[in-house]
Amino acid sequence: MEVALLGNPNTGKTSLFNHLTGSYEYVGNWSGVTVEKKVGVLKNKTDKLIDLPGIYTLVPLSKDEGVVTNFFLHDHVDQILNILDASQLKRNLQLTMQILEYGQPVTIGLNMMDVAKQRGIHVDVNQLSAKLGVPIVPIIARSGKGCNELAKTIVTNHSIHQERVFVDYGREIDEAVLKLEKMLNESKVLSFRWLTLQLLEGNQDVKSYLAEFIKLEEINKLVRDVEEKLNKEYGIHSADQFIYQRRSEFIEEVLTTAIQSSNENKIYLT
Ligand code: GDP
Ligand code: K
Ligand code: MG
């Protein structure tokens, strides 16, 4: 099994990678960019862990950031290990939602539990896990606490989440997903929902991928039609902004039940 390690920058990815993998690591570059590709073997000596660049969103702002999208589009991913900073959940969960929409099994490593505790943030791990529909293991990657438990969870997590719908993006987006599905008219490999959302968010690498199957004018028309409808219905001009808002509302709701903060200023809302 190949597991992709993914998370925001500075969430402890390198620390976790080192705890989970033995010394069988090899290094190269991702194709087309100078970003280092690191692959390690988990301590069970069977499963591989692939380190990906730290990003805040799957929508690439640079060629280097496109590594993750291109990996999602062209490589085989058995499972995604998403590392989160427990003290920055609101920000971190934006990427998590995009990852969940991709549809492959996901395990979450909830890192920086010591930092969260220091800041008076109590995360109800069971609640969070129930809300997101994936296993979550609390860890402290700096010391290695919880990492063995996380490794066990990864190996036993074979759940498929293809049809999960998390955020209700409304009729306009749902219709676009169906339209794209018809336009693609090919055996289903990638989630149409994920492809549609990424396209509408402005992911140029997803657009290029779709252009291999669909005429560019048709792709542009699909986006334009959605944006016209969103503008009419909600007065919002960009699909990107609309999707971000809907996701943020969902995350807010999840955190309301999954987090108790002893701090009046609600640090977790950063
Ligand atoms: P990356 O940028 O995602 O690869 O993160 P690193 O593994 O380089 O970690 C970033 C910083 O956070 C380093 O100084 C780590 O020592 C520290 N760090 C990682 N995990 C933890 C943790 O669980 N608790 C604390 N307090 N610090 C951590
Ligand atoms: K770092
Ligand atoms: Mg790193």
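The values are calculated or read from the model by the stated rules, or taken from the named source; none is laboratory data. Computed from a prediction, not measured in an experiment: that's the story for all the values here. When we count neighbours, we look across all protein chains shown, and the Cβ atoms used for this are built from the backbone with ideal geometry, even at glycine. Side chains included, ligands, DNA and RNA excluded: accessible areas come from the protein's heavy atoms. Shrake-Rupley method; radii C 1.70, N 1.55, O 1.52, S 1.80 Å.
Taking all protein chains together and a probe of 1.4 Å, list Ser143, Ser62 from the most accessible to the least accessible.
Descending order: Ser143, Ser62.
Percent relative contact order of the chain, based on C-alpha pairs within less than 8 angstrom and at least six residues apart?
In percent, rounded to a whole number, it is 20.
From the alpha carbon gyration tensor of region 2-158, can you work out the equivalent ellipsoid semi-axes (sqrt of 5 times each eigenvalue) and give them in Å, largest to smallest?
Equivalent ellipsoid semi-axes, largest first: 23, 18, 15 Å.
Tell me which of Ala130, Ile236, Asn70 sits at the most positive position along the dipole axis of the chain, charges placed on C-beta atoms (Lys, Arg +1; Asp, Glu -1).
Toward the positive end, the furthest listed residue is Ala130.
Relative to the present Cα-Cα distance, how much length would full extension add between Asn185 and Ser238 at 0.36 nm per residue of separation?
16.4 nm
In deg cm²/dmol and to the nearest 500, what is the mean residue ellipticity at 222 nm of the chain if only DSSP H runs of at least 4 residues count, each as -39500 (n - 2.57), divided by the residue total?
Roughly -14000 deg cm²/dmol at 222 nm, from the helical runs in the chain.
With +1 assigned to the C-beta of every Lys and Arg and -1 to the C-beta of every Asp and Glu, and no other charges, what is the dipole magnitude of region 2-158 about the Cα centre in debye, to the nearest 20?
Taking the Cα centre of region 2-158 as origin, the dipole is about 420 debye.
Go ahead and run the numbers for FRET between Lys215 and Glu149, Cβ-Cβ distance against an R0 of 35 Å, rounding to 0.05.
According to the calculation, E is roughly 0.10.
How large is Rg over Rh for the chain, taking Rg from the Cα atoms and Rh as the Kirkwood inverse mean of 1/r across Cα pairs?
0.97
Report the charge-dipole magnitude of region 60-151 in Debye, nearest 20, computed about the Cα centre from +1 at each Lys and Arg Cβ and -1 at each Asp and Glu Cβ.
Dipole of region 60-151, to the nearest 20 debye: 400 debye.
Roll a 1.4 Å probe over the protein chains and send me the accessible area per residue for region 2-158 in Å².
That works out to 42 Å² per residue.
If you bin every alpha carbon distance in region 171-261 into 10 Å steps from zero, what whole percent lands in each bin?
16, 45, 26, 11, 3, 0
As a test of reading the structure, rank Phe250, Phe71 by solvent-accessible area (1.4 Å probe, protein chains only), most first. Walk me through the intermediate numbers first.
Details: Phe250 35, Phe71 5 Å².
Output order, biggest surface exposure first: Phe250, Phe71.
In terms of solvent-accessible area of protein heavy atoms at a 1.4 angstrom probe, what is the ranking of Met113, Met97, highest value first?
Ranking Met113, Met97 by accessible area, largest first, yields Met113, Met97.
Nearest-5 percent of antiparallel DSSP beta bridges in the chain? Don't skip to the end; give the middle numbers.
On the way: 13 of 31 bridges.
Close to 40 percent.
Name the residue from Phe192, Gly28, Thr46 whose Cα lies farthest towards the positive end of the charge dipole of the chain, charges +1 on Cβ of Lys and Arg and -1 on Cβ of Asp and Glu.
Selected residue: Thr46.
Under unit Cβ charges (Lys, Arg +1; Asp, Glu -1), what dipole magnitude, rounded to 20 debye, does the chain have relative to its Cα centre? Intermediate results must be reported in sequence, preceding the final value.
Working: 30 positive and 35 negative charges, 139 e Å.
That gives a dipole near 660 debye.
By a straight-distance test (C-alpha under 19 Å), which lysines pair with Lys229 as possible cross-link partners, with residues fewer than eight away in the same chain excluded?
Lys179, Lys221
Using 0.36 nm times the number of residues separating Glu228 and Asp75, minus their current alpha carbon distance, what extension gain do you get?
51.7 nm
Of Leu255, Leu81, Gly144, which is farthest on the positive side of the dipole of the chain, counting Cα position, with +1 on Lys and Arg Cβ, -1 on Asp and Glu Cβ, and the Cα centre as origin?
Gly144
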